[in-house]
Amino acid sequence: MANKSINDLPEGTISEILLRLPVKSLLQCKSVCKPWLSLISTPHFVKSQLHRAITASMNTPTLLCIHRPPLTEEELARKLAFEAEITTLRSNISDEPQQQRRRQLVDQALLDAAAQDLSSCPVRFDHLVMPRLFSTHYSIRSVCNGILCLANSFGNVVYLWNPSIGKFKKLPVPEPHTCTTMPVKVGFGYDPISDDYKVFRVVSEKEFDVVPLIQVYSSNADSWTNEFKAPILKNVEHYGRTNVVVDGVLYFDNHEDHLISFDLHNEIFGLVPIPSSTQMGSEVLDFHGSVAMVFQSGIEILDLWTLDNVSGELSWTKKFSIEAHPETEMRLTKYLGAAQFFGHKLLDSIVFLYYVLYDYEKKETKVYKHEEENVRASLKYTETLVSLDGFEQVQ
């Protein structure tokens, strides 16, 4: 009998085997043979891999730590000169008690972070160095299906970047409008009805404009296809930086008594009241594929609520309560999975990462701590093969 190879298997079987591989391995498999290149490049395979990756991330979430690139010689010289100037300035100011207290806090935080590790914690940490193309003037505004949306403070220069495949795209510059020096809200998400990735900008045409202008970019059209006024956002002054997309609707908070929703297909804004009995809410979160927020119901108690669709009506449900540890209070703003959530705090250039696991049966909370240096951003991330027309390799 002649020896058989994996290529002798039915295509469906080969596809199922490949779907179980991480994205990095799939990219390597594209070079194995033309049939595999063709199979892995099909839209059906890309969507199947996306669905499988999202499902897997429910049980084993991945936290991506994006690090700053190494400083160039010029940047290092400027940094050293600035630090020397600050040191000289501080030496002329009598604030020794504050300096001493600050050093004590940093030292204690370092000891706390070293006290535990994440070896027994059901979360995977991944690391990535931010490409220099995005490292200076751009911040991560949102992430959806493995694609990160980055923009400058005015939101008129926007990049879509999938770090899993190392590709990006710079969006066309939107129609210019006179706007304030305040940061522009930028949202990004996926419209499953039209199979379209969309970006929107909330633009003020003049300072303290009561009715903002909205501009919408469509990846299918590769242009800013719509522009309209949004009276429902009248007098909204603050927009949360965190976006969560559920069933084609993007949600973000405005630090007041409601969430703002944006239907990515119909391109309509709405307002969703938060539970009236709550106080001191966190940013809007992604919890098990649902919109969620954490509220403080007592001095030492935090409650997690989810926004659920019940018979076509949106309603809030309290999932569980936990005791508020000093290090987890309202800093826990990134949720990772079933009764699991994640937060961070920054001291100097060190980011301390907290992963919290809540046991429903024992009603106990365990806090894991981890330390990372030189972190530009940290976010829940799912590796995907998703690529859009016009994507090119990051240099």
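Considering only the stretch 75-98, I want to know if a residue exists there that is over 22 Å from R124 (Cα atoms), among the acidic types (D, E), within 32 Å of the chain's Cα centre (by Cα) and modelled with pLDDT of 75 or more. No.
Any idea which residue in the stretch 10-32 is least open to solvent (accessible area, probe 1.4 Å), counting only those that are hydrophobic (A, V, I, L, M, F, W, C) and not in a helix (DSSP H, G or I)?
Within the stretch 10-32, the subset hydrophobic (A, V, I, L, M, F, W, C) is 14, 17-19, 21, 23, 26-27, 29, 32.
Going one step further and asking which of them are not in a helix (DSSP H, G or I), we end up with 21, 32.
Values: L21: 59, V32: 89 Å².
Residue satisfying both the conditions and the ranking: L21.
Please determine whether any residue of the stretch 33-40 is within 16 Å of I165 (Cβ to Cβ), open to solvent by 30 Å² or more (accessible area, probe 1.4 Å) and not in a helix (DSSP H, G or I). Within the stretch 33-40, not a single residue is within 16 Å of I165 (Cβ to Cβ), open to solvent by 30 Å² or more (accessible area, probe 1.4 Å) and not in a helix (DSSP H, G or I). Could you please let me know if N226 is surrounded by fewer than 18 Cβ atoms within 10 Å (Cβ to Cβ), at pLDDT 95 or above and touching a strand residue (DSSP E or B) at 6+ places or on another chain (Cβ under 7 Å)? For N226, the condition - surrounded by fewer than 18 Cβ atoms within 10 Å (Cβ to Cβ), at pLDDT 95 or above and touching a strand residue (DSSP E or B) at 6+ places or on another chain (Cβ under 7 Å) - is not met. Residue count for the stretch 238-264 satisfying the condition of being without any contact (Cβ under 8 Å) to a residue 24 or more places away in the chain, part of a loop (DSSP other than H, G, I, E, B) and either in contact with a Pro (Cβ under 9 Å, 6 or more places away or on another chain) or open to solvent by 40 Å² or more (accessible area, probe 1.4 Å) (or both): 4.
Based on this model, can you work out whether P176 counts as over 22 Å from L250 (Cα atoms), touching a helix residue (DSSP H, G or I) at 6+ places or on another chain (Cβ under 9 Å) and at pLDDT below 85? Full working, then the answer.
Details: over 22 Å from L250 (Cα atoms): yes; touching a helix residue (DSSP H, G or I) at 6+ places or on another chain (Cβ under 9 Å): no; at pLDDT below 85: yes.
No, not satisfied.
The values are calculated or read from the model by the stated rules, or taken from the named source; none is laboratory data. In this text, all values refer to a predicted model and were calculated from it rather than measured experimentally. Note that we place each Cβ from the backbone using ideal geometry, even for glycine, and neighbour counts take in every protein chain shown. We work out accessible area using only protein heavy atoms, side chains counted, and drop any ligands, DNA or RNA first. Shrake-Rupley method; radii C 1.70, N 1.55, O 1.52, S 1.80 Å.
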